[in-house]
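Notes follow once the structure below has been shown.
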Amino acid sequence: MRQMKMGFLSSGMVLAFAAFSSFSISDAFSKLLAGQLDPFEVAFSGGIFGFLIIPFIRRDNESYLDIFSPQKPGMWLVRAIATFTATAASVEAFMLLPMPEALSLMFLMPLFVTMLSVTLLHEKVSAWAWVSVIVGFIGVLIVLRPGMRALHLGHLCALIAAVANAVGVIAYRLAGNDTPRLSLFGSSLFGPLVGDGLLMLAHAHWPHGLQTWCFLFGYGFLAALGQLLMMVATARAPANRVALPQYSQMLWAVGFSYFLFHQALDGWTFIGIVVVTFSGMLNWIRQRVRYEHLALQERRAARRRLREPQTSP
């Protein structure tokens, strides 16, 4: 039973890593569009190109109409609003800030997920999980150094994105495993379509050039793919653990910032990033060691039972 639980958790973690990889590459595309398109127009494209994934996720027993017929309308609406808010705020943050700096604030998301999972989902959170989010918060403070440098709209947008993403993770968990996948995924499409679509009307213009269209497609398709992977991951592992692989995004951000955008990191920012990344891995490593130890104990107990003499009735 414990071995099944370990495999169950691991599959959710792997899917979460894949989801955050998709988000990272998508974020790089959004930053490449800075100065070319309105941030709300870029976020709107996430809903448009996300529809391309729907045929690949629909199960045989699901109808395309499930996108519009949520079993739990309240949670569907919460997910839609959370996705709209997160996409709009994150695109703006990445356009205004270096990627590692924007992500360092968004990495407060596991702290919000942990607090919400305790209060709303009544999940048990270990001391190691609390230590990891506290260390992550300290790392964010090192990166931002409030009081020593000016903070602006980009930092606020990154913080809003962190809160919205945490709400989205909890909403997926509250929806339950019996909710059709198309219904879950539909909320992540229609949130940006409606919300960002309305906000972009004042400044939107038709994209020009093949490169711009490629960047838009890369942003929208990969953002939708990340939503799909995160949706499946949160159904297979506790919400506070699914949030931890988010820290792998920092490796992507540092690489993109240095090689693609040619933005060097100062010493304090680098130290903060190391602290933030370490905090994300801390609890995950602890959980792996714990479950491997339990699995070893179970195998030893099974071998002892096999060696014990069988008594006939």
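The values are calculated or read from the model by the stated rules, or taken from the named source; none is laboratory data. Bear in mind that the values here come from a model prediction, so they are computed numbers and not experimental data. Note that each Cβ is placed from the backbone with ideal geometry, even for glycine, and that neighbours are counted across all protein chains shown.
Name the residue, out of Ile67, Ile53, Ile81, that is among the hydrophobic types (A, V, I, L, M, F, W, C), over 30 Å from Gln263 (Cβ atoms) and at pLDDT 90 or above.
Selected residue: Ile81, the only one of Ile67, Ile53, Ile81 that is among the hydrophobic types (A, V, I, L, M, F, W, C), over 30 Å from Gln263 (Cβ atoms) and at pLDDT 90 or above.
Any idea how many residues of segment 143-168 are assigned to a helix (DSSP H, G or I) and more than 23 Å from Lys31 (Cβ to Cβ)?
1
Take segment 42-85 and flag every residue that is part of a helix (DSSP H, G or I) and over 22 Å from the mean Cα position of the chain (by Cα).
Pro55, Tyr64, Leu65, Asp66, Pro73
Please find, among Val194, Val118, Val125, Val135, the residue that is more than 15 Å from the chain's Cα centre (by Cα) and either hydroxyl-bearing (Ser, Thr, Tyr) or assigned to a loop (DSSP other than H, G, I, E, B) (or both).
None of the others qualify; the one that does is Val125.
For segment 179-191, does any single residue satisfy the condition of being assigned to a loop (DSSP other than H, G, I, E, B) and at pLDDT below 80?
yes
Could you figure out which of (1) under 27 Å from Gly220 (Cβ atoms); (2) surrounded by fewer than 23 Cβ atoms within 10 Å (Cβ to Cβ); (3) in contact with a Ser or Thr (Cβ under 6 Å, 6 or more places away or on another chain) isn't true of Val125?
Evaluating Val125 over (1) under 27 Å from Gly220 (Cβ atoms); (2) surrounded by fewer than 23 Cβ atoms within 10 Å (Cβ to Cβ); (3) in contact with a Ser or Thr (Cβ under 6 Å, 6 or more places away or on another chain) leaves (1) as the failure.
Of all residues being within 13 Å of Leu105 (Cβ to Cβ) and among the β-branched types (Val, Ile, Thr) in segment 132-144, which is surrounded by the most Cβ atoms within 10 Å (Cβ to Cβ)? Just the residue, please.
So, considering only residues that are within 13 Å of Leu105 (Cβ to Cβ) and among the β-branched types (Val, Ile, Thr), the one surrounded by the most Cβ atoms within 10 Å (Cβ to Cβ) is Val140.
Could you please give the count of residues in segment 81-100 that are in contact with a Gly (Cβ under 8 Å, 6 or more places away or on another chain), crowded, with 24+ Cβ neighbours inside 10 Å and within 16 Å of Leu151 (Cβ to Cβ)?
Selection size over segment 81-100: 2.
Is it the case that Leu116 is modelled with pLDDT of 80 or more and in contact with a His (Cβ under 7 Å, 6 or more places away or on another chain)?
In short, no.
Among Gly209, Gly154, Gly147, which is the only one that is more than 17 Å from the chain's Cα centre (by Cα), at pLDDT 75 or above, surrounded by fewer than 22 Cβ atoms within 10 Å (Cβ to Cβ) and at positive phi?
Gly209
If you go through segment 193-201 one residue at a time, do you hit one that is surrounded by fewer than 21 Cβ atoms within 10 Å (Cβ to Cβ) and of a type in the set (Asp, Glu)?
No.
Only one of (1) under 19 Å from Leu96 (Cα atoms); (2) small (Gly, Ala, Ser); (3) in contact (Cβ under 8 Å) with a residue 12 or more places away in the chain; (4) surrounded by fewer than 20 Cβ atoms within 10 Å (Cβ to Cβ) is not met by Ala161, so which one is it?
It is condition (4) that Ala161 fails.
Quick test for you: out of Ala202, Ala233, pick the one residue that is within 22 Å of Thr87 (Cβ to Cβ), touching a Leu at 6+ places or on another chain (Cβ under 7 Å) and either modelled with pLDDT of 80 or more or assigned to a helix (DSSP H, G or I) (or both).
Unique residue meeting the criteria: Ala233.
Which condition does Thr119 not pass, out of (1) closer than 30 Å to Trp76 by Cβ; (2) surrounded by fewer than 18 Cβ atoms within 10 Å (Cβ to Cβ); (3) touching a Lys or Arg at 6+ places or on another chain (Cβ under 7 Å), if it passes all the others?
Condition not satisfied by Thr119: (3).
Could you go through segment 63-78 and let me know if any residue there is surrounded by 20 or more Cβ atoms within 10 Å (Cβ to Cβ) and within 16 Å of Ala166 (Cβ to Cβ).
yes
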